[in-house]
There are 2 protein chains.
Amino acid sequence: MDILELIAELKEKNDSKIVLLVADGLGGLPDPATGKTELETAATPNLDRLAKRGVCGLMTPIAPGITPGSGPGHLAMFGYDPLKYVIGRGVLEATGVGFEVGPKDVAVRCNFCTLDAEGRIIDRRAGRISTEESAPLAISLRQIQIPGVEIFVEPVREHRFVVIFRGDGLGANVSDTDPQRTGVPPLDPVPNDYESQRTADVAKRFLAQAREILAGHPKANGLTMRGFSARPNLPSYEYVYGLRAAAIAVYPMYKGLARLVGMTIIGNPSNLGEEIDLLESVWNDYDFFFVHFKYTDSRGEDGNFAAKVQMIEEFDRIIPRVEALRPTVLIVTGDHSTPAALRSHSWHPVPVLLVADSCRPDACQSFGETECLRGGLGQFPAVYLMSLAMAHAGRLGKYGA
Amino acid sequence: MDILELIAELKEKNDSKIVLLVADGLGGLPDPATGKTELETAATPNLDRLAKRGVCGLMTPIAPGITPGSGPGHLAMFGYDPLKYVIGRGVLEATGVGFEVGPKDVAVRCNFCTLDAEGRIIDRRAGRISTEESAPLAISLRQIQIPGVEIFVEPVREHRFVVIFRGDGLGANVSDTDPQRTGVPPLDPVPNDYESQRTADVAKRFLAQAREILAGHPKANGLTMRGFSARPNLPSYEYVYGLRAAAIAVYPMYKGLARLVGMTIIGNPSNLGEEIDLLESVWNDYDFFFVHFKYTDSRGEDGNFAAKVQMIEEFDRIIPRVEALRPTVLIVTGDHSTPAALRSHSWHPVPVLLVADSCRPDACQSFGETECLRGGLGQFPAVYLMSLAMAHAGRLGKYGA
């Protein structure tokens, strides 16, 4: 039995409150000079106090050695096996720019490319065209009309944009048109099942009209399509956990991921302080609160150890405001590691801290990767974070008599 | 491949002896005044000595955050994935009162209830009728006769009793008749597959005759039926492990669970001392011995920390008698945690201790939750306890060449 089905069966309701504070890319690697990671280097008096009071551990988002993207990283933390529940590339791209993918939609990641006079690809990324140049070009494609289909075109960044086809009978099983090499023309969109024939046809007509609009542009006179995908069918937080769930995030990607599991997106904060303002303002209206802090990941991706340390300290400073709300269960973790040393997401297990009255405390004296190694939660798959949260909130009945 | 199938393939026989000593609900939570759990508070010189000699760890019975009932808790310890091998509610109830459910049986949990003149339920638990009053009433239902079906009625406690229908062609897929609310009559038993039509029909006839017998009783003039279930199809200890297995327990529930996996129930002890007497007396006749001690769980459920500590100390005192038998593998653990602080079963991992000559010892100096956290067994799913036991008993061959 799937853990989600088990939880859906055992869930109970009460007036507990669960807070999941996510510092994106929290886990790190040590500065060779000190032997301490970003989290261990940061002065985090509040997190350290919580670590003493609660129980710590390390989470593996997907599987040992597997580095998660933001989509799978969050799905896992939310309790959804990211190898079973897959978010298509097109849907993730649309989600990332704040487009709400609906049940009749097929989302497609598109790249501008440069074609020669014979229609062969010369540059698969249109000479790394700037966002300033490509965004108006993407928007110009909104003039394309295909009867019976609503079309949305959203710029993303540089050569990337996303197209959403909305209509009846649009399957998402269509092959990529990007041949993954130059010197050949883009492929035709080929349907891989009966349900996707109309989608492939719509895509062909879109491509034909786009070629006319783009003709003559020196760099972006063509485009390729990848990752045709439909909204994933994720059982909702309400169904699985019986939780009225609120999501508070600055970036569209995280709002979108939360929306896919049925969380309600709260407000439009522009920084962590405003996020906590919102948390306070809706405290009485929800049972579960996902609060996302982006900049730990951003500074890790920059490779800036000191700046990531600062972001962790900024994150630590808001902890007392969250504690003041007296959540039944307070969890602090990340969706994956982003060590400044690697300048990218990584597979390293993510430190996690859970505070509740029902914790069996461990010997951890501070919040950091090394301390977490001897934490009472041990090392565990991230998909169990929510069953632990539910248990400590008193929201799970006994399995079997 | 299922771990049971793997073990069944790799199992070898020798003259080793494995003892599994189970202190029910062993795991706990700390007394806030001392920071020590029940097990850590108890004076356990014998268990501590074993912890130094053997290897310790923590077991998760079902999955992180999931609290097991006795059935799934024991199945997991016995090596059977409790999410795959499910014991129906009716069978568990029958097992709990010592009724041996056979292959042609359907067991049903029944509640006495109070009906009004129109047959609508007024009280789903018959005014919490006492056992003294309800037991003779349940026994009076033994007069019910249905041709071709043998019927057993066993009192349980208060409004609860269990009915077993024995006969050919009785499927167990019948819906509950308890509408889960008052103001409406009980539902009819509805078959959910072809094989269960006869069972539903038998149940209807039973209900009609019962109504006549109960008519006029001021509280228990009706009944509802739940958890229709057949004996689960569990591969036996003999088949999986090649072990002649003996079970020694005071309470019918644990004898019943052991019987479901093919263990032989030894004697009828009434306390731990008598259980060890029996263990000694059958030592030469079996390869595996499951010894169950109930009162650690009972005192935990009472919320009595000090009394649970005493029970653990009582349990510790019999250890030398078990050691004197020189088992090849001696395991001490629980089927789940029952912290006095929670007055109930809980999801917290269960301390486990394994002693054998082939142990790779760890640094654990005593037997307790905090020490077990740094134990050599780590934190592991309870279903692997038996493969570890078999390995240390020299009873498992190599997998692959």
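The values are calculated or read from the model by the stated rules, or taken from the named source; none is laboratory data. Every value quoted in this text rests on a predicted model; they were computed, and no experiment measured them. When we count neighbours, we look across all protein chains shown, and the Cβ atoms used for this are built from the backbone with ideal geometry, even at glycine.
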Given (1) in contact with a Gly (Cβ under 8 Å, 6 or more places away or on another chain); (2) in contact (Cβ under 8 Å) with a residue 40 or more places away in the chain, number of the condition A:Asn173 does not satisfy: (1)
Subset tally (residues that are closer than 17 Å to B:Phe161 by Cα, in a helix (DSSP H, G or I) and not polar (S, T, N, Q)) for the stretch B:209-244: 4
Helices (runs of 4 or more DSSP H) contained in the stretch A:306-401 and holding at least 2 residues buried (at least 22 other Cβ atoms within 10 Å of the Cβ), within 14 Å of another protein chain (Cβ to nearest Cβ) and of a type in the set (A, V, I, L, M, F, W, C): A:385-392
Residue under evaluation B:Asn111, criteria (1) in a loop (DSSP other than H, G, I, E, B); (2) polar (S, T, N, Q); (3) within 23 Å of the chain's Cα centre (by Cα), criterion not met: (1)
Per-region count, the stretch B:256-288, residues assigned to a helix (DSSP H, G or I) and not hydrophobic (A, V, I, L, M, F, W, C): 10
Residue tally, condition under 13 Å from A:Glu93 (Cα atoms) and of a type in the set (S, T, N, Q), over the stretch A:219-274: 1
Residue identified as modelled with pLDDT under 95, surrounded by fewer than 22 Cβ atoms within 10 Å (Cβ to Cβ), touching a Lys or Arg at 6+ places or on another chain (Cβ under 8 Å) and within 26 Å of A:Ile265 (Cα to Cα) among A:Gly127, A:Gly98, A:Gly167: A:Gly98
A:Val86 β-branched (Val, Ile, Thr), closer than 19 Å to A:Gly227 by Cα and outside any helix (DSSP H, G or I): yes
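Filter the stretch B:294-331 down to residues that are under 21 Å from the mean Cα position of the chain (by Cα) and among the aliphatic types (A, V, I, L, M) and give me whichever is nearest to B:Val250 (Cα to Cα).
B:Met311
Here's the yes/no breakdown for (1) in contact with a helix residue (DSSP H, G or I) (Cβ under 7 Å, 6 or more places away or on another chain); (2) away from every other protein chain (no Cβ under 11 Å); (3) acidic (Asp, Glu); (4) surrounded by 20 or more Cβ atoms within 10 Å (Cβ to Cβ):
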site: B:Ala76; (1), (2), (3), (4): yes, no, no, yes
site: B:Ile87; (1), (2), (3), (4): yes, no, no, yes
site: B:Gly102; (1), (2), (3), (4): no, yes, no, no
site: B:Cys113; (1), (2), (3), (4): yes, yes, no, yes
site: B:Gly119; (1), (2), (3), (4): no, yes, no, no
site: B:Ile122; (1), (2), (3), (4): no, yes, no, no
site: B:Glu132; (1), (2), (3), (4): no, yes, yes, no
site: B:Ile146; (1), (2), (3), (4): yes, yes, no, no
The stretch A:20-38, subset touching a helix residue (DSSP H, G or I) at 6+ places or on another chain (Cβ under 6 Å) and hydrophobic (A, V, I, L, M, F, W, C), residue farthest from A:Ala389 (Cα to Cα): A:Leu26
Yes/no for A:His348 being closer than 26 Å to B:His345 by Cα and of a type outside the set (A, V, I, L, M): no
Residues of the stretch B:59-74 classified as more than 7 Å from every other protein chain (Cβ to nearest Cβ), within 16 Å of A:Leu6 (Cβ to Cβ) and buried (at least 24 other Cβ atoms within 10 Å of the Cβ), total: 2
Candidate set: the stretch B:49-58, residues that are surrounded by 19 or more Cβ atoms within 10 Å (Cβ to Cβ) and over 23 Å from the mean Cα position of the chain (by Cα); chosen: the one nearest to B:Pro381 (Cα to Cα): B:Cys56
So A:Leu214, is it over 28 Å from the mean Cα position of the chain (by Cα) and surrounded by 15 or more Cβ atoms within 10 Å (Cβ to Cβ): yes
Enumeration of residues in the stretch B:49-70 that are in a strand (DSSP E or B) and β-branched (Val, Ile, Thr): B:Val55, B:Thr60
Residue ID - surrounded by the fewest Cβ atoms within 10 Å (Cβ to Cβ), chosen from residues in the stretch B:11-48 that are assigned to a loop (DSSP other than H, G, I, E, B), touching a residue at least 40 places away in the same chain (Cβ under 8 Å) and hydrophobic (A, V, I, L, M, F, W, C): B:Ala43
